[in-house]
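**Q** One structure coming up, written as structure tokens, with questions to follow.
The values are calculated or read from the model by the stated rules, or taken from the named source; none is laboratory data. A quick note: this is a predicted structure, and the numbers were derived from the prediction, not measured. Ideal geometry is used to build each Cβ from the backbone, glycine not excepted, and the neighbour counts take in all protein chains shown.
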Amino acid sequence: MALRYALLGLLAERPASGYDLAKEFEGDLGRYAWQAGHNRIYPELARLAAEGLVEGAEEGTRGRRVYTITAAGLAELRAWLLQPQLGGAVRNEGVLRLFLLSALDPGDARKMLNEIVAHTEQELARLKDTVSGETPISPGGRLDFGWLAAGYGLRQYEASRDWAVWALGEFDKAERRRTGRH
């Protein structure tokens, strides 16, 4: 269901073809927020058009259709964004692995935690460039698309790194207690 809103949000930013939208999902949007390929994007665009939420603005070479969001599409996107996000079923494999971390022997658990630290440090270096500097404003006077999400990602990676360093310290404490070294 979220794919429809991702497409509406992208089209609220600027008109785009299905191909252009697929490219967005191949970048940071797909990497950090929501993945979708051509096989899901084009049918969803057809549904959105049938519901009057988007319309084909122009048709280019080889039948390439550029879509724009309609007023009804903007209204639906706005309603969805302003709707309180309620619980729901959670399926987060990464967090499940953390719940089960104690099933590993301490050496393997440390290896996993050190990999989390290394991975988050790499992502932090990449995102710091994106979020550093002056706040980017689009020609329309809004924050550039995705910039706030990049800031969220930066802080999530900082929290993940800090947690993994803390967890390594907890393994150290447990090891000192186990061996009687305080």
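**Q** Looking for whichever is aliphatic (A, V, I, L, M) and either touching a Gly at 6+ places or on another chain (Cβ under 8 Å) or assigned to a helix (DSSP H, G or I) (or both) here; the options are L98, L86. Which one fits? Before the answer, list the steps.
**A** On the way: L86 fails: either touching a Gly at 6+ places or on another chain (Cβ under 8 Å) or assigned to a helix (DSSP H, G or I) (or both).
Testing whether each residue is aliphatic (A, V, I, L, M) and either touching a Gly at 6+ places or on another chain (Cβ under 8 Å) or assigned to a helix (DSSP H, G or I) (or both) leaves just L98.
Rundown of residues vs (1) more than 30 Å from G169 (Cα to Cα); (2) surrounded by 18 or more Cβ atoms within 10 Å (Cβ to Cβ); (3) small (G, A, S); (4) at pLDDT 90 or above, yes/no style:
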site	(1), (2), (3), (4)
A22	yes, yes, yes, yes
R40	yes, no, no, yes
E44	yes, yes, no, yes
L53	yes, yes, no, yes
E58	yes, no, no, no
L104	no, no, no, no
G107	no, no, yes, yes
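**Q** Quickly run through the stretch 1-47 and pick out the residues that are free of Cβ contacts under 8 Å to residues at least 40 places away in the same chain and not in a helix (DSSP H, G or I).
**A** Result: M1, R14, G27, W34, Q35, A36, G37.
**Q** Under 6 Å between Cβ atoms, at least 6 apart or on separate chains: pull out the pairs that start in the stretch 120-143 with a residue that is assigned to a helix (DSSP H, G or I) and end on any residue that is surrounded by 12 or more Cβ atoms within 10 Å (Cβ to Cβ) and among the hydroxyl-bearing types (S, T, Y).
**A** T120/Y157; T120/S160; E123/Y157; L124/Y157
**Q** Quick test for you: out of L3, L29, pick the one residue that is within 24 Å of R142 (Cα to Cα) and in contact with a Lys or Arg (Cβ under 9 Å, 6 or more places away or on another chain). Outline the logic, then answer.
**A** On the way: L29 fails: in contact with a Lys or Arg (Cβ under 9 Å, 6 or more places away or on another chain).
Answer to the check: L3.
**Q** Kindly check whether there is at least one residue in the stretch 135-145 that is modelled with pLDDT under 85, surrounded by 13 or more Cβ atoms within 10 Å (Cβ to Cβ) and over 24 Å from the mean Cα position of the chain (by Cα).
**A** no
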